[in-house]
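The numbers here are math on the coordinates, done by the rules we state, and not lab data. Given the structure is predicted, the values throughout are model-derived calculations rather than measurements. With ideal geometry, Cβ positions are generated from the backbone for all residues, glycine too; neighbour counts draw on all protein chains shown.
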Amino acid sequence: MSVEAIQNIVPELDKNLQLYPFNKSEYLIQHTVLNYQINVNEQTYLLVNLVNGSRTIKEIAAIYKKENDLDISSGVIHNLLYKKLAKFGIIRQNEFIVEKRKRASYLKLSFVFLKERYVGYFTKHLIFLFSKTLFYPLLFSMSLFIGYVIIDNYQLILKNATNVFSSNIILYLIAFQLGTLFHELGHAAACIRFGAKHGGIGFGFYLLTPVFFADVSDAWKLKPSERIVVNLGGIYLEMILASILLVIYFFNNQIAFLIIPCLLIISTLYNLNPLLKFDGYWVLVDATNTPNLQTKAFDILKVKTTEIVQMKFSFDTNKEVFLFVYAIFSASFIFFFIGSILIYDPNSVIKFPLDLYRHISNWKNLDLDKLKEFIVPFLFWYLVIRVVWSKIKKSRENEK
């Protein structure tokens, strides 16, 4: 396309957009129908605000230069609008269809089992728990209470931890599933407490691990302090459940009501891990005002690794130091996490295609219980193929 043709294009924003300030230097563009939330810098935000459906790209460039004392070419504007923003449905175009965003990209094989309207029935009764005067005081008090009980009964817990499963397996399963459900309802309830919408509750896989999730993507339009409450909402309700079970233990002295809360707290601590995309990660994102934290951290890691090789290693800001250190810890943990699976039973992954073929080929004597052993190897190879394919697809798009 010629320069003149690009200059005469009249871009138009989709009508289903909402723009919010995200932090001091970034803004959020949300597509309310396609469910995309895009973080942009101030320069891009100002440029998007000049698109009104009647100005040409040439006119937008001229106004932008006049208002911001910054020269920007028509080609750069066209690339930003039609190569980057258009794929999220922000700019209207006729070259391709933008599909609705369904799940977070890091979740695989995910699906919703509890729809939004059913989630809303429960969350409307939980909103009061997230009032300003109740949330943090109660969270702090429960932390002290649970911590004291665990420390005071540490030897008793160790002695009985292995026996609770065999003698109270049904109670354990019910309590643990309730904890999981409470966790996701906590995220959703906190979301609507601050005026954002929530979606359904679903199930998927993240790094070969089965996880539940609540769709609270609309929370991105909230203030950072409000988003932190949303992030902690799941842990908060789990701790409420754990505290209730511990109080019951004090009345009936049944050991299961002591052990099960401990298991719930282990799940809570696991969710606070900021190195994987669990609740602790999103708290860190909002506390540091760093959207796409993991992506930015790994980008910094790549740059600094290259600088180390070229003997030009240095940091320009404290934020770069933080991102670099975070990337090292995060990458190390992910490799350890996946590596432990391979080390635990490497043959199950390496020989998966051959083992699966042999098992299915003997279909007359098919052992359904044996198929359970193929779940982790299958997910491993599925994710490997997805990653490789995404890299190939991205490479092709860059060539275009």
Query raised in the report: Order of Cys191, Cys262 from fewest to most other C-beta atoms within 10 Å?
Result: Cys262, Cys191
Query raised in the report: Tally Lys/Arg at +1 and Asp/Glu at -1 over every other residue whose Cβ is under 11 Å from the Cβ of Asn52; what's the total?
Result: -1
**Report entry** Global form of region 1-74, assessed from the alpha-carbon gyration tensor, a/c cut-off 1.5
**Finding:** oblate
Requested in this report: Give me the distance between the Cα centres of region 270-285 and region 28-89, rounded to whole Å.
Outcome: 32
**Report entry** Above-threshold pairs, the threshold being 31 Å between Cα atoms, out of Lys58/Lys312; Lys24/Lys304; Lys58/Lys197; Lys66/Lys312; Lys87/Lys197
**Finding:** Lys58/Lys312; Lys58/Lys197; Lys66/Lys312
Query - Ile174/Val10 FRET efficiency (R0 45 Å; Cβ-Cβ; nearest 0.05) - result: 0.15
Report summary line: Listing Tyr281, Tyr154 by rising number of other beta-carbon atoms within 10 angstrom, fewest first, gives Tyr154, Tyr281
**Report entry** Footprinting exposure proxy for Thr268, Thr44 (fewest neighbouring C-beta atoms within 10 Å first)
**Finding:** Thr44, Thr268
Query raised in the report: Which translational diffusion coefficient, to the nearest whole µm²/s, is obtained for region 246-286 from the Stokes-Einstein equation, given a Kirkwood hydrodynamic radius over C-alpha pairs, 4 °C and 1.567 mPa s?
Result: 112
